Amino acid sequence: MTQEQATHQKISSTIQRQVNRAKILRTLKMLQPVARVDLARETGLSRATVSSIVDELVMESLVEEMGATASRGGRRPILLRVIPGREGRCAIGFELSRNNLTGILVDLHGRVIASHRDLLPAGYLEPASLVDLIQEQVLRLTGPEDPAIRGLVGVGLGVPGLVDPVTGCVQVAVQFGWQNTPLKDMLEKRLKVPVKVMNSVKAAALGEVIYNHHSPEPSPNPRLYLSLGQGIGSALIIEGKLLSGASNTAGEFGHITVAPGGPLCTCGNSGCLEAVAGLPALVSRYLELARMEEPSRLTMAPGEFPYLTSARFLEAVAAGDSLAGRVVAEAAEQIAIALAGVINFTNPELVILGGPLSQVGSALLDPLTQALRRRALPLPLSQVRLVTASLGANAVGIGLGATLISQLSEVVLSR
């Protein structure tokens, strides 16, 4: 055998072992507690292969033995499980927003173990200052003497901007004035663990798709996640993988033109969906209508009008304020214009609505559903389920944690 052939054989063997490792860990998570003999039967692998890989997983503190079960005619089988909580391997996902840095510690099951939020100083945030804050939160979430710090798989960071998912370089983050900022390199140098930096909407999409309770099974069909809040973004996931695009900018849903000649958008275009249906636009529209009508008693405290915040506007919608409900219904019509085109083009099986605006429930879902019936083709629309996000404010952190954990075990993101 030549050296080249030997090298090729070694690489093929390594890849096959990673595939087998992923299959075993995925099956164990699904069936636990489970014995080695049952893992061999379920995976179709030999008992020797299963035993060897399980021993590795135990050594790496991913899996533990729980004790023997009843005999099946020979030695009593030892039951196994993925180690939960702080005792096992963990990951931390951070979400960076205009005003906050939120860190979430998750275990291998995607369960939240701990979380912490820091308020950010107003104005420009230096990348080096962010690295300092993240390091402080890592120590706060794991503890310098906590066993979790030894089992930390990695740290993820979701950023509201354009990010190269391979290099972790933030290409543009308008809110912070960043351009070509190498956050991944900066964080790995400081934290000494693997770091994943990605767009926050895409991270939330991964969390929602991986752990979505409406459709937990893997599927090759497209699934679309929409984030409706201060800005509007989306992510399309096909066969468990994010669609990134040639320039890593796929998913800029908020910059689809829905109102030609409409209000100016931050991107420089006019009539973008974000410019007419983002929360700042909805608040402005509410105030515009309120000037012509009596301000809603549900919304307005003395002296508050016309200084209405997005949070107070959403409270008014949830409380049944008719004027606020009308504004959301108008926005639903604009969202439907863009969403119908995406549904016709990509034929998704699931559309997940996330972000603050999605939490108003039927005030958004009812007019959006009605508008889609008028605008989308009947056949692709008939296959779509429209649901609200299930992870709430934890979606970004959980999505990043799941990504890091999946990379650790070489498990595909769709599970």
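The values are calculated or read from the model by the stated rules, or taken from the named source; none is laboratory data. This is a predicted model, so every value here is computed, not measured. Please note: Cβ atoms are built from the backbone with ideal geometry, for glycine as well, and neighbour counts cover all protein chains shown.
Among the residues of the range 217-247, those identified as at pLDDT below 85 and over 18 Å from Val396 (Cα atoms) are Glu217, Pro218, Ser219, Pro220, Glu239. Taken over the range 119-129, the criterion of being at pLDDT 90 or above and either outside any loop (DSSP other than H, G, I, E, B) or not assigned by TED's automatic domain parsing to the domain that holds Val159 (or both) is satisfied by Pro127, Ala128, Ser129. Taken over the range 62-106, the criterion of being at pLDDT 75 or above, acidic (Asp, Glu) and more than 28 Å from Leu125 (Cα to Cα) is satisfied by Glu64, Glu65.
Would you check which residues across the range 223-232 are of a type in the set (Gly, Ala, Ser) and within 12 Å of the chain's Cα centre (by Cα) and list them?
Of all residues in the range 223-232, those of a type in the set (Gly, Ala, Ser) come to 227, 229, 231.
Ser227, the sole residue that qualifies.
On the basis of being part of a helix (DSSP H, G or I), among the small types (Gly, Ala, Ser) and modelled with pLDDT of 90 or more, does Ala290 make the cut? When the stated conditions are applied, Ala290 does not pass them.
Is it true that Val155 is assigned to a strand (DSSP E or B), hydrophobic (A, V, I, L, M, F, W, C) and within 20 Å of the chain's Cα centre (by Cα)? For Val155, the condition - assigned to a strand (DSSP E or B), hydrophobic (A, V, I, L, M, F, W, C) and within 20 Å of the chain's Cα centre (by Cα) - is met. Within the option set Leu119, Leu105, being under 18 Å from Val396 (Cβ atoms), surrounded by fewer than 20 Cβ atoms within 10 Å (Cβ to Cβ) and in contact with a Leu (Cβ under 9 Å, 6 or more places away or on another chain) holds for one residue only, Leu119.
Each row is one residue, and each column tells you yes or no for (1) outside any helix (DSSP H, G or I); (2) hydroxyl-bearing (Ser, Thr, Tyr); (3) within 17 Å of Pro84 (Cα to Cα); (4) within 30 Å of the chain's Cα centre (by Cα).
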{"residue": "Leu45", "(1), (2), (3), (4)": "yes, no, no, no"}
{"residue": "Val54", "(1), (2), (3), (4)": "no, no, yes, yes"}
{"residue": "Ser61", "(1), (2), (3), (4)": "yes, yes, yes, yes"}
{"residue": "Met66", "(1), (2), (3), (4)": "yes, no, yes, no"}
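Tally up the residues in the range 348-369 that are surrounded by fewer than 14 Cβ atoms within 10 Å (Cβ to Cβ) and in a helix (DSSP H, G or I), please.
Within the range 348-369, the subset surrounded by fewer than 14 Cβ atoms within 10 Å (Cβ to Cβ) is 361-362.
Those left that are additionally in a helix (DSSP H, G or I): 362.
The total comes to 1.
So, in the range 320-347, exactly how many residues are part of a loop (DSSP other than H, G, I, E, B) and of a type in the set (Asp, Glu)?
If we filter the range 320-347 for residues that are part of a loop (DSSP other than H, G, I, E, B), which is where we start, we get 320-321, 347.
Next cut, of a type in the set (Asp, Glu) only: 321.
Residues flagged as part of a loop (DSSP other than H, G, I, E, B) and of a type in the set (Asp, Glu) within the range 320-347 amount to 1.
Of all the criteria given as (1) over 22 Å from Ser310 (Cβ atoms); (2) part of a loop (DSSP other than H, G, I, E, B), the one not satisfied by Ala91 is (2). Of the residues examined, Gly110 is one that is modelled with pLDDT under 75, over 12 Å from Phe94 (Cβ atoms) and either surrounded by 13 or more Cβ atoms within 10 Å (Cβ to Cβ) or not assigned by TED's automatic domain parsing to the domain that holds Ala91 (or both).
Pairing residues of the range 176-190 that are loosely packed, with under 14 Cβ neighbours inside 10 Å with residues that are part of a loop (DSSP other than H, G, I, E, B), at Cβ distances under 7 Å and at least 6 apart in sequence or on separate chains, gives Gly177/Tyr124; Asn180/Cys169.
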